[in-house]
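The values are calculated or read from the model by the stated rules, or taken from the named source; none is laboratory data. Everything quoted here is computed from the prediction, not taken from an experiment. Cβ atoms come from the backbone with ideal geometry, glycine included; neighbour counts cover every protein chain shown.
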Amino acid sequence: MKFHRPSLHRMATAGSTGMMWAVLGDNLLGDDLIVWLVLALGAALFLGNVLALIKPPPRPKPGELATAPRGRSLLMALVGFLAAVWALGSLVAK
């Protein structure tokens, strides 16, 4: 069953801005927005933690750690990797 969506121009001229933004959001962001967000956050979590382990700051500020905690960083990198792989699998499976 296919639903008819009113045109953006017709809604904008009618003054229905709330409905216009809803339709615009549907068209721009798509049905799998959450999957794209999980992919982005998972990849950022993985990459950030791996880079923190590979290249610590040259001169840490007073009160900061000289290197990232290895166990916590590896665990968070693993969580990010699993989230990114899940999201990629979900996008490819569609």
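Report yes if some residue within the range 39-51 is more than 29 Å from K94 (Cβ to Cβ) and not acidic (D, E); otherwise report no.
Checking the range 39-51: at least one residue is more than 29 Å from K94 (Cβ to Cβ) and not acidic (D, E).
Can you name the residue in the range 62-94 that is β-branched (V, I, T) and at pLDDT below 95 and, of all such residues, is surrounded by the fewest Cβ atoms within 10 Å (Cβ to Cβ)?
My answer is V92.
All but one of (1) surrounded by 14 or more Cβ atoms within 10 Å (Cβ to Cβ); (2) β-branched (V, I, T); (3) under 14 Å from the mean Cα position of the chain (by Cα) hold for I34; which doesn't?
Every listed condition holds for I34 apart from (1).
Taking the criterion of being surrounded by 13 or more Cβ atoms within 10 Å (Cβ to Cβ), modelled with pLDDT of 95 or more and assigned to a helix (DSSP H, G or I), would at least one residue in the range 7-19 satisfy it?
No - not one qualifying residue is present in the range 7-19.
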